[in-house]
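What follows is a set of notes on a single structure, which appears directly below.
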Amino acid sequence: MKSEIPHSGITRRRFLKDGVLVPLALILAGGGLSTLFLRRADVRGFYLRPPGALEEVRFLGACIKCGKCAQACPYNSIRMAGGEAGVGIGTPHIIARDIPCYLCPDIPCAKACPSGALDRSLEDVEKITMGTAVIVDRENCLSLRGLRCEVCYRQCPLIDKAITLQPRHNERTGFHSIMEPVIHREKCVGCGICENACVREKPVIVVIKSPPLQKDSYEF
Amino acid sequence: MSFKWIIARRLVQVSVIALIATPLLGLTFFQGNLSAAALFGIGLADPLAFLQASLAGRVFVASFLGSALLVSAFYLITGGRTFCGWVCPVYLITEIGDKFRGRLGTGGRSYPLATVRWSFAVTLALSLATGIPLFEVLSPIGISTRAVMFKALLPLLLVAVILVVEMFVARRIWCRSLCPAGGFYSLLGRFSPARVGFTRSLCTGCGKCSRVCPVEEVLVPALVDGERQVVSGDCTRCGDCIDICPTRALGVDVWYK
């Protein structure tokens with residue numbers, strides 16, 4: 001008996017090929033290609049995130065790359081990463097040497113974030129933890145060589161809290177003192193103003209990822 | 001000259017791009033892009049972006065959910081994939097590409113529509129598994145809107161790849177079969193009251209509507225089986241079939257069942 005129902009022309013073979021195999025191959029090819037450049041952004045170094053950012057791995061999960069934080073920043077400090085950031089493409093970051101974070105008292109960038117990647121309940125700029133400043137090149141630091149530079153100290157928005165000056169005897173001249181800028185990691189918010197202000201061609205003080213806090217088992 | 005949907009639709013498509021560009025002019029009533037935005041202080045969010053960020057970042061922000069629900073409600077009322085046909089800049093770009101493809105006569109193959117929903121499901125599963133909002137990373141919608149906002153032009157290469165594939169390999173494959181945002185909105189569109197209606201007695205069977213439709217499968221139940229509406233959620237409510245129909249057999253209609 002012949003079937004009365006007209007055949008739609010879609011055979012099982014065609015359905016399996018066009019409906020299942022081809023899309024599956026496309027998804028796998030797309031996934032394979034994307035993993036080539038999809039690496040976590042912090043693999044390529046430290047990205048200074050805007051104030052209130054979640055810890056990097058969760059930040060990359062929560063940021064939807066809408067750009068509202070960058071649009072809210074009055075100093076254009078926040079820029080959106082390009083393809084070089086891998087999986088962090090389109091995520092906001094700050095290049096302190098170009099334009100640091102000037103720690104607006106109302107923190108408009110964090111308030112603009114819709115997704116929770118930046119903590120919008122953040123109210124106090126001193127509670128920001130973007131990173132920690134470190135003198136990475138002591139030989140080239142003018143203050144440490146005995147000159148009265150101290151630009152990082154004077155520019156620091158948390159002067160005498162995040163950076164203090166510690167005088168000590170200058171052994172080289174035997175006569176003067178060295179005014180050493182000392183960074184206090186529990187106070188430093190990582191805004192990058194010191195890195196931006198450093199007078200050397202290459203900054204000797206830079207913001208790095210805050211080292212993990214350790215329980216202090218030594219009594220002094 | 002009679003009213004054409006295409007004119008209204010082009011106006012909306014261009015206005016969306018203009019709106020995203022307004023902060024460049026120093027205007028402040030709009031911020032953000034199609035992932036998330038604020039219009040006169042009202043938060044708007046792509047529901048797919050909300051789902052991905054919540055799953056990948058393990059965060060929950062109530063106002064973000066509210067913004068996503070607001071946008072979902074809007075598209076539920078207006079047709080679901082109306083986002084695709086009227087708002088999405090990638091749809092506009094690939095529509096233009098498709099016009100050239102038609103003239104070149106290349107890449108006529110078309111792939112099934114149902115895979116957009118698979119793509120949506122896979123995106124959510126991978127976001128949860130990898131902790132990366134996968135579609136937000138690769139999204140040509142995000143890339144093209146950020147190109148407008150921040151003049152970040154290099155990632156537009158991905159949009160160019162989509163355009164080339166669509167023009168020379170498979171017609172409209174991104175929007176038809178792969179885009180997870182389209183997949184999400186097609187789920188809403190199935191239950192949307194805004195529909196294309198069909199009056200069989202007026203139809204001459206000329207087939208122009210099927211040729212102009214980007215998702216011509218959705219017309220089959222009406223044209224072949226005599227359904228009085230296009231009920232598929234894959235219909236983008238673009239109105240091209242209504243515009244081209246010489247006998248007005250196709251028109252705007254609301255939900256009847």
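The values are calculated or read from the model by the stated rules, or taken from the named source; none is laboratory data. This is a predicted model, so every value here is computed, not measured. Every residue, glycine among them, receives a Cβ derived from its backbone with ideal geometry; neighbour counts consider all protein chains shown.
Any residue at all in the stretch A:158-174 that's among the hydroxyl-bearing types (S, T, Y) and in the same structural domain as A:I193 (by TED's automatic domain parsing)? Yes: one or more hits. Here the condition is being within 14 Å of chain A (Cβ to nearest Cβ) and farther than 29 Å from A:M80 by Cα; of B:R117, B:R146, B:R101, it holds for B:R117 alone.
What number of residues in the stretch B:120-136 are within 7 Å of chain A (Cβ to nearest Cβ) and over 17 Å from B:R58 (Cβ atoms)?
So the first thing to find is which residues in the stretch B:120-136 are within 7 Å of chain A (Cβ to nearest Cβ), and the list is B:122, B:131-133, B:136.
Keeping just the survivors that are over 17 Å from B:R58 (Cβ atoms) gives B:122.
Number of matching residues: 1.
Could you tell me which residue of the stretch B:128-145 is surrounded by the most Cβ atoms within 10 Å (Cβ to Cβ), considering only residues that are in contact with a Gly (Cβ under 8 Å, 6 or more places away or on another chain), within 12 Å of A:I64 (Cα to Cα) and not hydrophobic (A, V, I, L, M, F, W, C)? Across the stretch B:128-145, the extreme among qualifying residues is B:P133. Note on the stretch B:39-55: among residues that are assigned to a strand (DSSP E or B) and within 7 Å of chain A (Cβ to nearest Cβ), the one that is surrounded by the fewest Cβ atoms within 10 Å (Cβ to Cβ) is B:G43.
The conditions of being farther than 21 Å from A:G67 by Cα, within 14 Å of chain A (Cβ to nearest Cβ), more than 13 Å from the chain's Cα centre (by Cα) and not aliphatic (A, V, I, L, M) are not met by B:F74. Among all positions in the stretch A:86-109, there is no residue which is among the charged types (D, E, K, R), in a helix (DSSP H, G or I) and not assigned by TED's automatic domain parsing to the domain that holds A:D160.
Of the helices (runs of 4 or more DSSP H) contained entirely in the stretch B:158-257, those carrying at least 1 residues that are hydroxyl-bearing (S, T, Y) fall at B:180-189, B:208-212. Identify, from the list A:R79, A:R120, the residue that is within 14 Å of chain B (Cβ to nearest Cβ) and either within 14 Å of A:L48 (Cα to Cα) or in a strand (DSSP E or B) (or both). Every option except A:R79 fails the conditions.
Among the candidates B:G57, B:G26, B:G79, single out the residue that is modelled with pLDDT under 95 and touching a strand residue (DSSP E or B) at 6+ places or on another chain (Cβ under 6 Å). Explain how you work it out, then say what you get.
Working: B:G57 fails: touching a strand residue (DSSP E or B) at 6+ places or on another chain (Cβ under 6 Å); B:G26 fails: touching a strand residue (DSSP E or B) at 6+ places or on another chain (Cβ under 6 Å).
Answer to the check: B:G79.
Inspect the stretch B:136-157 for any residue being touching an Asp or Glu at 6+ places or on another chain (Cβ under 8 Å) and either touching a residue at least 24 places away in the same chain (Cβ under 8 Å) or not assigned by TED's automatic domain parsing to the domain that holds B:G26 (or both) and give the result as yes or no.
So in the stretch B:136-157, the residues touching an Asp or Glu at 6+ places or on another chain (Cβ under 8 Å) come out as B:142.
Now restrict to residues that are either touching a residue at least 24 places away in the same chain (Cβ under 8 Å) or not assigned by TED's automatic domain parsing to the domain that holds B:G26 (or both): B:142.
Yes, that holds for at least one residue.
Against the conditions (1) surrounded by fewer than 16 Cβ atoms within 10 Å (Cβ to Cβ); (2) away from every other protein chain (no Cβ under 14 Å); (3) part of a loop (DSSP other than H, G, I, E, B), A:P167 satisfies every one except (3). Taking (1) modelled with pLDDT under 95; (2) surrounded by 19 or more Cβ atoms within 10 Å (Cβ to Cβ) in turn, A:T132 satisfies each apart from (1).
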